[in-house]
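Here is the structure we will look at, set down as structure tokens.
The values are calculated or read from the model by the stated rules, or taken from the named source; none is laboratory data. Please read these numbers as outputs of a predicted model, since none were measured by experiment. Note that we place each Cβ from the backbone using ideal geometry, even for glycine, and neighbour counts take in every protein chain shown.
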Amino acid sequence: MTNKQSLFLVVEGLDGAGTTTISARLADALRARDLQVRLTAEPTDGPLGSLLRAHVKGDANLDEQTAALVFTGDRADHLGQVIRPALRRGDWVVCDRYLLSTLAYQGAAGVSREAVLAASDRFDVPDVTFVLDVPEEARAQRLAARSRSERYEGAELAESLRRSYEESIELLRSAGHRIEVIDSSQSIDKVLEDVLSRLDLPG
Ligand code: TMP
């Protein structure tokens, strides 16, 4: 990994693992090193992403096969409109969730991971995918503190989602993806330090 090359970084994890907080902190830390950073997220703010956010909140109802297709379509749009242009400009990209989420979440709901992977074969492979790993008790406490619970947050799903993440990580690793699992039960500063320590950064 050379210092000058911009990287495509993804932050992943179960709901309550802290992906949004760590993505933002990672982007800030990179900017503090004078790097240009595009912070972005999936589902996106685009038309497919809006439908997916409604689905996640329970305001719309897609079957999970359809949801997997729409998440994949949203990702194609995201790559074309945001991620690739940013990388072409030489910006670093920090993306809150990406392909691993579809494999883990829709895979847990019975969608074929191989089919999702096959539909994603032209998609950019992140330079590093960080998976924030948090013990179930701490995660449940964080979720309970939120005002509104979402489709995939129920305690009854936790075990199968956790297993699905593990299986999906193995699948992506065997497809050549670099995946770093980070202990996210630590303080935010320590999680960020661990993330940064896995990157060969300038300055
Ligand atoms: P978030 O904005 O809090 O990260 O929530 C997004 C939700 O959408 C989260 O529950 C995970 C879910 N999701 C999927 O089920 N599949 C996907 O491909 C993506 C990107 C997110």
Condition first: out of contact with any Leu (no Cβ under 8 Å at 6 or more places or on another chain), crowded, with 19+ Cβ neighbours inside 10 Å and of a type in the set (D, E, K, R). Can you find one or more residues in the range 97-111 that meet it? yes
Does S168 satisfy being within 15 Å of the chain's Cα centre (by Cα) and at pLDDT 95 or above? yes
Those residues that are over 20 Å from L100 (Cβ atoms) and aliphatic (A, V, I, L, M), I need them from the range 2-60; list them, please. A29, L30, A32, L35, V37, L51, A54, A60
Can you tell which of E42, E12 is under 18 Å from the mean Cα position of the chain (by Cα) and under 19 Å from V191 (Cα atoms)? E12
Among the residues of the range 18-57, how many are within 16 Å of the ligand (Cβ to nearest atom), part of a loop (DSSP other than H, G, I, E, B) and in contact with an Asp or Glu (Cβ under 7 Å, 6 or more places away or on another chain)? 4
When only residues in the range 58-75 that are charged (D, E, K, R) and either in contact with a Leu (Cβ under 6 Å, 6 or more places away or on another chain) or outside any loop (DSSP other than H, G, I, E, B) (or both) count, which is surrounded by the most Cβ atoms within 10 Å (Cβ to Cβ)? R75
Please indicate, with yes or no, whether at least one residue in the range 114-137 is surrounded by 14 or more Cβ atoms within 10 Å (Cβ to Cβ) and modelled with pLDDT under 95. yes
Given the conditions (1) over 20 Å from L161 (Cα atoms); (2) in a loop (DSSP other than H, G, I, E, B), and given that H78 satisfies all but one, which numbered condition is not satisfied? (2)
Which one of these is within 28 Å of H55 (Cβ to Cβ), within 16 Å of the ligand (Cβ to nearest atom) and touching a residue at least 24 places away in the same chain (Cβ under 8 Å): A138, A109, A144? A109
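Among the candidates A86, A29, A17, single out the residue that is touching a Lys or Arg at 6+ places or on another chain (Cβ under 7 Å) and farther than 25 Å from D121 by Cβ.
The match here is A17.
Is it true that some residue in the range 78-101 is small (G, A, S) and within 12 Å of the ligand (Cβ to nearest atom)?
Yes - at least one qualifying residue is present in the range 78-101.
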